[in-house]
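Reviewing the structure listed below.
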Amino acid sequence: GIDVSSIDRSVQPCDDFYLFANGGWLKTHPIPEDKPRWGTFNILADHNLDELHSILDGLAKESPSRGSTEQKLSDFYRLGMHTTRLDQQKLQPIEEDLQAIRAIQDHDGLRAVVVRLHRKGIHPFFVFSSTQDSKDSEKVIGQLVQGGLGLPDRDYYTRTDEKSKKLLDQYQAHVVANLQQLGSNAEGATRQAGQLLELEKRLANASMTKVQMRDPQATYHPVTVEQLSSTAPHFRWGEYFTAMGAPQLNNLNLATPDYIKALDGVLASTDLNILKQYL
């Protein structure tokens, strides 16, 4: 089970066990330019993708019987590969969602659209899910966790080194481009992107770090729905849970209480039009 060709026997294991075990691999397997890392599991994943592509490409060239699994897979694959049609559709596939966002008049409407997006697996503001109770293995409970950032992690917003600043500038330019795709002119998109970045920075500054999130004690805070409503009164949680189709909740885990409290302040103090642009 060990690939001995990966071993670099020119290195003494007591001096540098990592290079002893992996030096041969590192010398013969440079990281491809389009990859952030390269290892046997990356090769396996690429191989699996090649196999899937071969299977789907083959189905697309055949005429599977109507209603069969093969026909459904073939149709799904063709739909994704028909890039000309996708380009012609532009924003049409998400137009109903955009109309729902534009129609928001108050915080009740905002909550309804948050529910709409959460039920689709899109998570503005926070994440609500079911999880195992960390202190009772016989229970599955509801859980609220920080979320809603456009970038992968809070540190992208809080680091102050030059590379991080550049990344944040590039992200803001990306948001400007998105807003222009949605119909804003260049000046309006630039102003809105600045507002949205400030909004996300507020969420990021209230978020726990990855290291903090690794502490199971720090992310275990059972509360009742009433206690949650006291912590964050500007979001009608009971109505949210009902609309999400959750079972009757007596309590749930508020994994990131400081974040949810800060989010409540953001919802209460941010202009509704900015919240709509964020969505």
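Assorted remarks:
- Note on Kirkwood radius over Cα pairs in Å: of the candidates [x] 18.7; [y] 22.3; [z] 23.2, the value calculated from this structure sits at [z].
- Only DSSP H runs of four or more residues enter the estimate; each adds -39500 (n - 2.57), and after division by the residues of the chain the mean residue ellipticity at 222 nm equals -17000 deg cm²/dmol.
- Taken per residue, the accessible surface of the range 157-279 reaches 56 Å², heavy atoms only and a 1.4 Å probe.
- Reported to the nearest whole Å, the Cα centre-to-centre distance from the range 209-276 to the range 118-167 is 12.
- When the convex hull of its Cα atoms is projected in every direction, mean area for the range 132-193 (nm²): 6.8
- Whole-percent carbon and sulfur share, accessible surface of the range 202-279, 1.4 Å: 49
- Residue of Ile55, Ile104, Ile122 that the Gaussian network model of the chain assigns the largest fluctuation, springs spanning Cα pairs under 10 Å: Ile55
- Stokes-Einstein diffusion coefficient of the range 1-132, Kirkwood radius over Cα pairs, 37 °C, 0.692 mPa s, in µm²/s: 159
- Ranked by the mean number of other Cβ atoms within 10 Å of their residues, highest first, the peptides 241-251, 140-150 come out as 140-150, 241-251.
- Among the protein heavy atoms of the range 23-150, carbon and sulfur supply 54% of the accessible surface, probe 1.4 Å, non-protein parts ignored.
- Summed residue charge, Cβ within 10 Å of Trp237's Cβ, Lys/Arg positive, Asp/Glu negative: 0
- Orientation-averaged projected area, Cα convex hull of the range 146-279 (nm²): 9.4
- Packing, as the average of other Cβ atoms within 10 Å across residues, places the peptides 179-185, 227-233, 33-39 in the order 227-233, 179-185, 33-39, highest first.
- Using the average count of surrounding beta-carbon atoms within 10 Å as a protection proxy, the listed peptides 158-171, 191-204, 80-93 rank, highest first, as 191-204, 158-171, 80-93.
- Considering only the chain, percent of DSSP beta bridges that pair antiparallel, nearest 5: 85
- Only one residue of Thr224, Pro32, Val113 has its Cα farthest out toward the positive end of the dipole of the chain, where Lys and Arg carry +1 and Asp and Glu -1 on Cβ, and that residue is Val113.
- Pairs from the list Lys166/Lys201; Lys35/Lys90; Lys201/Lys276; Lys166/Lys261; Lys35/Lys165; Lys166/Lys210 with a Cα-Cα gap above 20 Å: Lys35/Lys90; Lys166/Lys261; Lys35/Lys165; Lys166/Lys210.
The values are calculated or read from the model by the stated rules, or taken from the named source; none is laboratory data. Since the structure is predicted, the reported quantities are computational estimates derived from the model, not experimental observations. Methodologically, a virtual Cβ is constructed for each residue, glycine included, from the backbone with ideal geometry; neighbour enumeration extends over all protein chains shown. Accessible surface areas use protein heavy atoms only, side chains included; no ligands, DNA or RNA. Shrake-Rupley method; radii C 1.70, N 1.55, O 1.52, S 1.80 Å.
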